[in-house]
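A short worksheet on the structure shown next.
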Amino acid sequence: MQDRFIHCIANMPAPLADKLVPLLNHDFAGHIDAKQIADLATATHLPSEQLLLKLLPVAAALAKPPISEFYVGAIAKGKSGDIYMGANLELAGEALFHSVHAEQSAISHAWLSGETEIEDIIVNASPCGHCRQFMNELVAGQQINIHLPGQSAKPLSHYLPYAFGPSDLNITPPLLSKQQHEFALDSSDPMIIEALDHASLSYAPYSNSYAAVVLETKDGQTFCGRYAENAAFNPSMLPMQMALSAMARHNRDFSEINRAVLVESSQGKISLVGATMDALHTVAAIELEHIAIDPIS
Ligand SMILES: [Zn+2]
């Protein structure tokens, strides 16, 4: 088991801890599939909602909050029945808008894993306004059930009444719906091809600045982030932050980053290059490779 989970396991009921420990192995990064969840529920005799609430300390152990030291854990439960954990990430010494919230981490984890709809969000602290707005961008967002310790589940529409959302800007395909944007790029570099694939799946209906980041560590592992825009603009999740959040879930140190690539559309209304460089230079002393790609119309 990874060291970061020792404390939360020590505070769990024994039947749950016994079943969880084998899952929290070296590779664990917050994904538990539907079959494993069913096995945990059977072994612990816990209803699904209670089980997921008890797993929140595991999600919170994925957090890296050097500024607030406030550990937030969130779990996104997909339509597939799989669960995806996420946690807050703060970049030491950098402006607060670079922060990733736990709900964003969990939702992006589900998206990068191929989920097309999230039915439940379980979180250990009341979702902030930023996250309520971020969740409102999702497929069937208003119907997502929010579960908090000590409270009955309520839909997002309860937490975000009179919502402003994509439809107010005449955008219909929501976040997590199938995106497939085509770009022309002639490259045989596997990392650039990977970034291109993710950029084609990114969600940028407001700026058309489809983009993705791929980070490579010294051992050749890659971590990806796609751009996820929001109708209220500021709660958008930048691809660099999404990739860093994936690294944090995998318990990888940012000093291990060896190479960083940003691929973005040449025809978007904005560019993410400045914001991406700022975040990268805070965590690693390497230069960003920036590649503009032309849409195929
Ligand atoms: Zn939040």
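The values are calculated or read from the model by the stated rules, or taken from the named source; none is laboratory data. As the structure is a prediction and not an experimental result, all values here were calculated from the model. When we count neighbours, we look across all protein chains shown, and the Cβ atoms used for this are built from the backbone with ideal geometry, even at glycine. Surface accessibility is based on the protein's heavy atoms, side chains included, excluding ligands, DNA and RNA. Shrake-Rupley method; radii C 1.70, N 1.55, O 1.52, S 1.80 Å.
If you go through segment 19-37 one residue at a time, how many are in contact (Cβ under 8 Å) with a residue 24 or more places away in the chain and not in a loop (DSSP other than H, G, I, E, B)? Spell out the reasoning first.
Taking segment 19-37 first, the residues in contact (Cβ under 8 Å) with a residue 24 or more places away in the chain are 19-20, 24-26, 28-34, 37.
With not in a loop (DSSP other than H, G, I, E, B) added as a condition, the list becomes 19-20, 31-32, 34, 37.
Of the residues in that region, 6 qualify.
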Complete set of residues in segment 34-88 that are of a type in the set (Phe, Trp, Tyr) and either farther than 20 Å from Arg249 by Cβ or open to solvent by 20 Å² or more (accessible area, probe 1.4 Å) (or both): Phe70, Tyr71
Residue list for segment 205-224, filter: farther than 16 Å from Ile296 by Cα and within 16 Å of the chain's Cα centre (by Cα): Ala212, Val213, Val214, Leu215, Thr222, Phe223, Cys224
Condition broken by Val139, with the remaining ones in (1) modelled with pLDDT of 95 or more; (2) touching a strand residue (DSSP E or B) at 6+ places or on another chain (Cβ under 8 Å) satisfied: (1)
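Out of curiosity, is Glu229 within 12 Å of Leu272 (Cβ to Cβ) and of a type in the set (D, E, K, R)? First the steps, then the outcome.
Numbers: within 12 Å of Leu272 (Cβ to Cβ): yes; of a type in the set (D, E, K, R): yes.
Considered against the rule, which asks whether it is within 12 Å of Leu272 (Cβ to Cβ) and of a type in the set (D, E, K, R), Glu229 comes out as yes.
Mind telling me which of the residues Gly129, Gly150, Gly141, Gly114 ends up being within 16 Å of the ligand (Cβ to nearest atom), of a type in the set (Gly, Ala, Ser) and surrounded by fewer than 17 Cβ atoms within 10 Å (Cβ to Cβ)? If you could, list the steps in order and put the result at the bottom.
Details: Gly150 fails: within 16 Å of the ligand (Cβ to nearest atom); Gly141 fails: surrounded by fewer than 17 Cβ atoms within 10 Å (Cβ to Cβ); Gly114 fails: within 16 Å of the ligand (Cβ to nearest atom).
Just a single option satisfies the conditions, and that option is Gly129.
What tally of residues in segment 153-192 results from selecting those that are open to solvent by less than 80 Å² (accessible area, probe 1.4 Å), among the hydroxyl-bearing types (Ser, Thr, Tyr) and farther than 21 Å from Gly225 by Cβ? Please lay out each step first, then the result.
Here is the first cut: in segment 153-192, the residues open to solvent by less than 80 Å² (accessible area, probe 1.4 Å) are 153-157, 159-161, 163, 165-166, 169, 171, 173-177, 179, 181, 183-185, 187, 189, 191-192.
Now narrow it down to the ones that are among the hydroxyl-bearing types (Ser, Thr, Tyr): 157, 159, 177, 187.
Those still in the list that are farther than 21 Å from Gly225 by Cβ too: 157, 159.
Of the residues in segment 153-192, 2 are open to solvent by less than 80 Å² (accessible area, probe 1.4 Å), among the hydroxyl-bearing types (Ser, Thr, Tyr) and farther than 21 Å from Gly225 by Cβ.
Restricting to segment 86-100, name every residue that is over 10 Å from Gln241 (Cβ atoms) and near the ligand (Cβ under 10 Å from one of its atoms). Outline the logic, then answer.
To start, the set of residues in segment 86-100 that are over 10 Å from Gln241 (Cβ atoms) comprises 86-88, 90, 92-96.
Selection gives Asn88 alone.
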Residues being among the small types (Gly, Ala, Ser), modelled with pLDDT of 95 or more and under 18 Å from the mean Cα position of the chain (by Cα) - total across segment 155-204: 5
Top-ranked residue of segment 260-287 - restricted to ones that are surrounded by 19 or more Cβ atoms within 10 Å (Cβ to Cβ) and free of Cβ contacts under 8 Å to residues at least 60 places away in the same chain, ranked as nearest to Asp189 (Cα to Cα): Ala260
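Just to be sure, is Gly30 over 26 Å from His281 (Cα atoms) and either surrounded by fewer than 17 Cβ atoms within 10 Å (Cβ to Cβ) or modelled with pLDDT of 95 or more (or both)?
Details: over 26 Å from His281 (Cα atoms): yes; either surrounded by fewer than 17 Cβ atoms within 10 Å (Cβ to Cβ) or modelled with pLDDT of 95 or more (or both): yes.
Yes: the conditions hold for Gly30.
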